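The values are calculated or read from the model by the stated rules, or taken from the named source; none is laboratory data. If you're wondering where the values come from, they're calculated on a predicted model, not measured in any experiment. Reconstructed Cβ throughout: ideal geometry from the backbone, glycine too, with neighbour counts over all protein chains shown. Accessible surface is based on the protein model in full, side chains and every heavy atom, while ligands, DNA and RNA are left aside. Shrake-Rupley method; radii C 1.70, N 1.55, O 1.52, S 1.80 Å.
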Amino acid sequence: MNHTTRTRSRRGRTLAREAVREQRRAALLVLLARADRGALTREDARQLRDLAAAEVAECDAFRRSAGGQQSAALKLRRRVEAAEQAMREIEAERDQYAAEVEALRAAAGKGDR
């Protein structure tokens, strides 16, 4: 399987995003360790700031996405509940009509005698 095909699939894109995220986090850990030792250069500080900004942006994007997914799931849940309620009403009506038909048949059967 070549790389282009792999990144076109949902799983491939997910794996690519995870790889970038892991690289970014590994670099963050190295830079934070340097900062702990007081050995952070100006370039390191700039890179740390850029990596932290990327993490924050990605986190915000995922949070927005999750909010939209929760909203969509809630709408679907309400639709399912409404459909189930409609089914209960229809089944109750069906049972009522079936009882009425039986009563009419019983009355018709008595009238034939």
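Pairing the Cα long axis of helix 10-37 with the longest principal axis of the chain, what angle in degrees results, from 0 to 90 and rounded to the nearest 10? For 10-37 against the chain, the angle is about 40 degrees.
Sorting 51-63, 71-83 by average packing, meaning the other beta carbons within 10 Å per residue, from highest down gives 51-63, 71-83. Computed over protein heavy atoms with a 1.4 Å probe, the accessible surface of the chain works out to 85 Å² per residue.
If one computes the Cα centroid of the range 16-48 and of the range 61-113, what distance in Å separates the two points? Spelled out, the Cα-based centre of one part sits 58 Å from the other. Rolling a 1.4 Å probe over the protein heavy atoms of the range 41-87, with every protein chain left in place, gives an accessible area that is 59 percent carbon and sulfur.
Dipole magnitude for the chain: computed about the Cα centre from +1 point charges on Lys and Arg Cβ and -1 point charges on Asp and Glu Cβ, it is near 740 debye.
Extension gain, Ala54-Ala35: 0.36 nm per intervening residue step, less the Cα-Cα distance, totals 5.0 nm. Distance distribution note for the chain: the fraction of Cα pairs above 23 angstrom is 66%.
Put simply, when 24-36, 84-96 are sorted by average Cβ atoms within 10 angstrom per residue, most first, you get 24-36, 84-96. Computed 3J(HN,Hα) for the range 88-102, one whole-Hz value per residue from the Karplus formula 6.51 cos²θ - 1.76 cosθ + 1.60 where θ = phi - 60°, is 4, 5, 5, 5, 5, 4, 4, 5, 5, 5, 5, 5, 5, 5, 4, glycine and proline marked x.
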